[in-house]
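The values are calculated or read from the model by the stated rules, or taken from the named source; none is laboratory data. All values reported here derive from a predicted model rather than from experimental measurement. Here the Cβ positions follow ideal geometry from the backbone for every residue, glycine too, while neighbour counts run over all protein chains shown. Side chains included, ligands, DNA and RNA excluded: accessible areas come from the protein's heavy atoms. Shrake-Rupley method; radii C 1.70, N 1.55, O 1.52, S 1.80 Å.
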Amino acid sequence: MDELKLIEPSLEYQDEYLDMINEWRSTGERMIPFVLRLDCSNFDSFLDEIHKLKTSKDLGENKVNSSTFLLVNKKGRVLGASNIRHELNEQLLNTGGHIGYGIRPSERMKGNATRLLAMALDKAKVQGIRKVLVTCDKDNVGSARTIIKNSGRLDSEDIVDGIIIQRYWIEND
């Protein structure tokens with residue numbers, strides 16, 4: 001198995017990050033987690049926004065602090081990303097949960113999502129998050145399998161904007 005690590009976004013990984021974003025955009029798929037959809041055309045501004053999401057006391061209504069990490073292999077290739085919300089608001093209780101994660105299209109079906117979520121759970125534990133909510137669309141069978149492999153237990157399903165959302169809880173002790 002390839003040696004992987006989670007790192008915070010930085011200028012050092014700008015080219016690799018942009019390569020991942022361009023690959024993802026070429027598929028027309030929605031990029032998850034949401035931070036991948038932030039404007040990164042000015043990478044310094046993008047990094048400032050990521051830092052603000054992590055540390056600002058005034059994010060505005062319906063936003064919570066979150067930490068973003070990139071999944072990187074030993075060659076420095078960015079394989080995916082995770083975003084860990086430090087707390088939940090009402091919207092995140094319905095869709096989103098504590099952890100959002102995604103793997104670039106060319107790196108899927110290799111176990112990377114399972115490893116990314118496991119590593120993100122370790123980061124959440126450091127944040128003091130002991131009971132973690134992770135959600136996915138019901139038709140995203142791969143994501144559901146990833147959550148279950150990381151000890152996720154299905155709690156409920158609900159229809160949000162016409163999509164069935166599954167809510168899984170993970171005990172993170």
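Observations
- Some residue of segment 15-38 being among the acidic types (Asp, Glu), under 24 Å from residue 96 (Cβ atoms) and either free of Cβ contacts under 8 Å to residues at least 24 places away in the same chain or in contact with a strand residue (DSSP E or B) (Cβ under 6 Å, 6 or more places away or on another chain) (or both): no
- Residue in segment 144-151 that is in contact with an Asp or Glu (Cβ under 8 Å, 6 or more places away or on another chain) and modelled with pLDDT under 95 present: no
- Out of 11, 47, 92, one residue alone is closer than 27 Å to residue 153 by Cβ and either among the aliphatic types (A, V, I, L, M) or modelled with pLDDT under 95 (or both). It is 92.
- Candidate set from segment 132-148 (those that are over 15 Å from residue 101 (Cβ atoms) and either in contact (Cβ under 8 Å) with a residue 12 or more places away in the chain or within 16 Å of the chain's Cα centre (by Cα) (or both)); member that is least open to solvent (accessible area, probe 1.4 Å): 138
- Unique match (being surrounded by 14 or more Cβ atoms within 10 Å (Cβ to Cβ) and among the small types (Gly, Ala, Ser)) among 151, 156: 151
- Subset tally (residues that are part of a strand (DSSP E or B) and among the basic types (Lys, Arg)) for segment 127-173: 3
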